[in-house]
Amino acid sequence: MTLKQAAEGGFLIGGGWPARMRGGPVVNEVSMLRNLAVAKRVLPGLADASVVRSWAAIVNGTADWHPILGEAPGVPGFFLNLFPWMGFTAAPAVSEALADLALGYQPALDLSLFSLRSDI
């Protein structure tokens, strides 16, 4: 689950809750209500919150749902930043690490576990 407060005070509640497919992803009301219930347990102040809008999306993924981060083998200067299910949540940390790589610096995070390289 992700939970972020917007500047005007509203909240963005997200998570890996399943949608329905009807020509494309459509919000599954049961999933949305379960996600809202989790958010209310985590932050009881949301007890009286109203849902203003909701949406469903198709997320990127890999066969094992593990991230792929780092420079693409054989394509110098082309960096991959695929973080299934956690793109918004993981973005600050992994984007900083990938920016360091692109600039030729050693990132603070060890990305070797998430590389496509076979020599690691």
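What does the extension gain come out to for Val42 and Phe79, with contour length at 0.36 nm per residue minus their alpha carbon separation?
On the way: separation 37, 0.36 × 37 = 13.32 nm, distance 3.53 nm.
Gain on stretching Val42 to Phe79: 9.8 nm.
Using a probe of 1.4 Å on the protein chains alone, the accessible area found for Phe11 is around 90 Å². Rounded to the nearest angstrom and listed largest first, the equivalent-ellipsoid semi-axes of the stretch 66-117 from its Cα gyration tensor are 16, 13, 9. Placing +1 on the Cβ of every Lys and Arg and -1 on the Cβ of every Asp and Glu, with no other charges, gives the stretch 17-75 a dipole of roughly 300 debye about its Cα centre.
Grab the other residues whose beta carbon is less than 14 angstrom from that of Ala102, score K and R as +1, D and E as -1, and report the net.
Its environment carries a net charge of -3.
For Rg and Dmax of the Cα atoms in Å, the candidate list reads (1) 16.5, 54; (2) 14.2, 44; (3) 17.8, 53; the entry that matches the value derived from this model is (3). Rounded to the nearest 500, the helix-only mean residue ellipticity at 222 nm of the chain stands at -8000 deg cm²/dmol, with each DSSP H run of n ≥ 4 adding -39,500 (n - 2.57).
Can you give the accessible area per residue of the chain, in Å², using a 1.4 Å probe? Intermediate results must be reported in sequence, preceding the final value.
Numbers: 8600 Å² over 120 residues.
On a per-residue basis, the chain sits at 72 Å².
Taking all protein chains in place and a 1.4 Å probe, what share, in percent, of the accessible surface of the chain do carbon and sulfur account for? Walk me through the numbers before you get to the answer.
Values: 5130 of 8600 Å².
Percent of accessible area from carbon and sulfur atoms in the chain: 60.
Convex hull volume per residue, computed on the Cα atoms of the stretch 23-73, equals 169 Å³.
The values are calculated or read from the model by the stated rules, or taken from the named source; none is laboratory data. Just so we're clear, the structure is a prediction, and the values are computed from it rather than from any experiment. Virtual Cβ from ideal backbone geometry, glycine too; neighbours counted across all protein chains shown. Surface areas here come from the heavy atoms of the whole protein model, side chains and all, with no ligands, DNA or RNA. Shrake-Rupley method; radii C 1.70, N 1.55, O 1.52, S 1.80 Å.
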